[in-house]
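What follows is a short report on a single structure.
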Amino acid sequence: MDDDFSGSFGIVALAAYRPPERLFARQLLSIQAQTHKDFRCLISVDGDHEQVAKDVERICGGDERFEVIGYEDRRGFYGNFERVLEAVPPTARWIALSDQDDYWYPEKLATLLPYLAHNSLVSGQARVVGDDGRVLTASTARRRVQLVDLFTENQVTGSLSVLRTNLLSVALPFPRLNTPAQYHDHWLAVCAGAAHGFNVVDVLVQDYIQHQNNVVGENRTGVTRLVSRVRKLGRRFEGSASPAALARFLAAAGIGWRSLMADTLATRTSVRTAELNSALSAYSSDARRGAAALAVARGVRRGTVPLRRGAELAASLAAAVVLGRPARGEL
């Protein structure tokens, strides 16, 4: 198989839901202006798609590379990305994930695609920019870490990434758990780490637009707001903010999600690298007691896991102990 992805055909997989008109137009035009021209852009609309199809036709001027996929039901952003990946044709050698409201630099695809020769997935960096144009953060500062630390703290932002299409043989269908912690990019990243590896390059490839309607943002909240958010999410996902419900929520959002990813990979991979074995021994549901806590502590000590994430996972592990069982999901 040819390992040169530089001139190959691929798919830009864009998940949309009620896209803000101005930002959506800017994003589509930035994709259309890529110096690498050999692609199709599949736009999966979560819910009503007719207006989005009209907008795409108007913005892109009838460019046949842009295709809107419409569905009647809603799946949320996680399920919508799964759905657009299911629609990728086998002729595509690579996939670039796209949000609906960012801005790609013209050389983004041309810059990232060559790295797929030696990696299943590669991710770049972005400036974080407000919707008023102000630069909020000069770089997302993602980095390459060990696979076990990638399970602990995701370093791959989907909208900054391209991946080999054959990775979908492991990644689809997405595993499912009743938690807001399930992210398509985290799952795809660990799949890549278990396959031919992932890379994070220190090159700015786009602007990440931060605005009030982001599903996932780069902002950070204080402790008081974090506690309030946990209570709100407990009501949403567990039906209550009682201590038992919050314990279930915390167990699922932390150790539960990571155990589900590990267990799913264990059933779908036949070749086990040393890195994968290390991650599975920490996070699989049959890992020895204390293995996950030790992996988190080591990551914090190495500086590859933020202290905040370590504290969140410590709370999740404590909640799982109180419940006497890990949260279970759908492989």
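Structural remarks
- Each residue in the range 297-318 was checked for being of a type in the set (Gly, Ala, Ser), in contact with a Gly (Cβ under 8 Å, 6 or more places away or on another chain) and closer than 17 Å to Ala287 by Cα, and 2 pass.
- Of the residues examined, Ser281 is not one that is polar (S, T, N, Q), over 15 Å from Leu313 (Cα atoms) and at pLDDT below 95.
- Top-ranked residue of the range 111-140 - restricted to ones that are out of contact with any strand residue (DSSP E or B) (no Cβ under 7 Å at 6 or more places or on another chain) and under 30 Å from Pro20 (Cβ atoms), ranked as modelled with the highest pLDDT: Arg134
- So Val88, is it in contact (Cβ under 8 Å) with a residue 40 or more places away in the chain, assigned to a loop (DSSP other than H, G, I, E, B) and among the hydrophobic types (A, V, I, L, M, F, W, C): yes
- All positions within the range 181-201 that are surrounded by fewer than 24 Cβ atoms within 10 Å (Cβ to Cβ), out of contact with any Lys or Arg (no Cβ under 8 Å at 6 or more places or on another chain) and closer than 13 Å to Glu153 by Cα: Ala181, Tyr183, Asp185, His186
- Considering only residues in the range 240-275 that are among the hydroxyl-bearing types (Ser, Thr, Tyr) and over 25 Å from Leu294 (Cα atoms), the one that is nearest to the chain's Cα centre (by Cα) turns out to be Ser270.
- Hits in the range 1-58 - residues which are touching a residue at least 40 places away in the same chain (Cβ under 8 Å), part of a loop (DSSP other than H, G, I, E, B) and over 18 Å from Asn166 (Cα atoms): Tyr17, Pro19, Pro20, Ala33, Gln34, Thr35, His36
- As a summary of the residue check, Gly62 satisfies the conditions (1) at pLDDT 95 or above; (2) on the phi > 0 side of the Ramachandran plot except for the one numbered (1).
- Residue among Gly290, Gly234, Gly299 that alone is small (Gly, Ala, Ser), under 23 Å from the mean Cα position of the chain (by Cα) and within 24 Å of Ala194 (Cα to Cα): Gly299
- Matching residues in the range 59-69 - criterion: being under 24 Å from Thr91 (Cα atoms) and in a helix (DSSP H, G or I): Cys60
- A count restricted to the range 113-148 and to residues that are in contact with a helix residue (DSSP H, G or I) (Cβ under 7 Å, 6 or more places away or on another chain), of a type in the set (A, V, I, L, M) and assigned to a strand (DSSP E or B) stands at 3.
The values are calculated or read from the model by the stated rules, or taken from the named source; none is laboratory data. Nothing here was measured: the structure is a model prediction, and the numbers come from that model. When we count neighbours, we look across all protein chains shown, and the Cβ atoms used for this are built from the backbone with ideal geometry, even at glycine.
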